[in-house]
1. Which residues, taken from region 139-176, are under 15 Å from Phe101 (Cβ atoms) and of a type in the set (Asp, Glu)?
2. Scan Tyr126, Tyr147 and give me the residue that is of a type in the set (Phe, Trp, Tyr) and touching a Pro at 6+ places or on another chain (Cβ under 8 Å).
3. Go through region 69-92 residue by residue and tally those that are farther than 25 Å from Ile176 by Cα and either part of a loop (DSSP other than H, G, I, E, B) or not small (Gly, Ala, Ser) (or both).
4. Six or more apart or on different chains, Cβ under 8 Å: which pairs go from a residue in region 10-33 that's within 16 Å of Ile178 (Cβ to Cβ) and part of a helix (DSSP H, G or I) to one that's of a type in the set (Ser, Thr, Tyr) and modelled with pLDDT of 85 or more? Could you list them?
5. Kindly indicate which of Leu148, Leu154, Leu159 is assigned to a helix (DSSP H, G or I), more than 27 Å from Val111 (Cα to Cα) and in contact (Cβ under 8 Å) with a residue 40 or more places away in the chain.
6. Give the residue that is nearest to Val3 (Cα to Cα), with candidates limited to residues of region 42-64 that are open to solvent by 50 Å² or more (accessible area, probe 1.4 Å) and under 16 Å from the mean Cα position of the chain (by Cα).
7. Would you check which residues across region 96-137 are under 21 Å from the mean Cα position of the chain (by Cα), open to solvent by 40 Å² or more (accessible area, probe 1.4 Å) and more than 30 Å from Phe54 (Cβ to Cβ) and list them?
8. When residues of region 64-87 are filtered for being touching an Asp or Glu at 6+ places or on another chain (Cβ under 9 Å), free of Cβ contacts under 8 Å to residues at least 60 places away in the same chain and of a type in the set (D, E, K, R), how many remain?
Amino acid sequence: MNVYTALSFASFLLFLQVSIFAWRLPVANKERVAFLSAGISFTLFAFFTFLLNFTQNLYWVYFFDRLASLGWATFPILVAWLVYLMRRKKSWPITVFLKYFLAPIAIACLVRYWIDSITVKSYFLYNGIWFFEVYRPFPWYLLFVLYLMTSVGLIMYLLISWWKEAKSNRTRRQIISIVVGIVTGK
């Protein structure tokens, strides 16, 4: 077992706890659903990445990676949605941007990867550890990078604008804890 495998398992356990915590929250609101969705998304990614490292068969590597793609393709938009909801200030342009720009790109990348993952990423075994190489000049790679950078930009914009509008130290501490959680996350 290498360090990446151990960290994937630790991430799986941590985000599983986060998901169980969110599931058991007594309130049923949009923030809880977004928190639960982001937790489940990363739980799936970490678990199937962990399993991927225990097989020697290339078919199973791609199978587990396809299942892990459910997590890594949806996590950025779910975190952006969570920060947007926690900000508690509704904005029509941001809602439209999330629904009609980021969501279709995430779904397109996920569907494309599920249909033909071999043309997006190739795996190879070296000293008992699976490594992968992404086909960088491929348009789907560039679309996914655009999706990631746009999601991170939106999250940063939401956090900075929320910080500027914050009137209490409690809100600012909440924003700081979100930033620390994002920066120290996997």
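The values are calculated or read from the model by the stated rules, or taken from the named source; none is laboratory data. Just so we're clear, the structure is a prediction, and the values are computed from it rather than from any experiment. Cβ atoms come from the backbone with ideal geometry, glycine included; neighbour counts cover every protein chain shown. The accessibility values were calculated without ligands, DNA or RNA, using every heavy atom of the protein model including side chains. Shrake-Rupley method; radii C 1.70, N 1.55, O 1.52, S 1.80 Å.
1. Those that are under 15 Å from Phe101 (Cβ atoms) and of a type in the set (Asp, Glu): none in region 139-176.
2. Values: Tyr126 fails: touching a Pro at 6+ places or on another chain (Cβ under 8 Å).
Criteria check complete, one pass: Tyr147.
3. Residues meeting the conditions: 2.
4. Phe15/Thr43; Val18/Thr43
5. Values: Leu148 fails: more than 27 Å from Val111 (Cα to Cα); Leu154 fails: more than 27 Å from Val111 (Cα to Cα).
Selected residue: Leu159, the only one of Leu148, Leu154, Leu159 that is assigned to a helix (DSSP H, G or I), more than 27 Å from Val111 (Cα to Cα) and in contact (Cβ under 8 Å) with a residue 40 or more places away in the chain.
6. If we take residues in region 42-64 being open to solvent by 50 Å² or more (accessible area, probe 1.4 Å) and under 16 Å from the mean Cα position of the chain (by Cα), then Phe47 is nearest to Val3 (Cα to Cα).
7. Val96, Phe97, Lys99, Tyr100, Phe101, Pro104
8. Qualifying residue count, region 64-87: 0.
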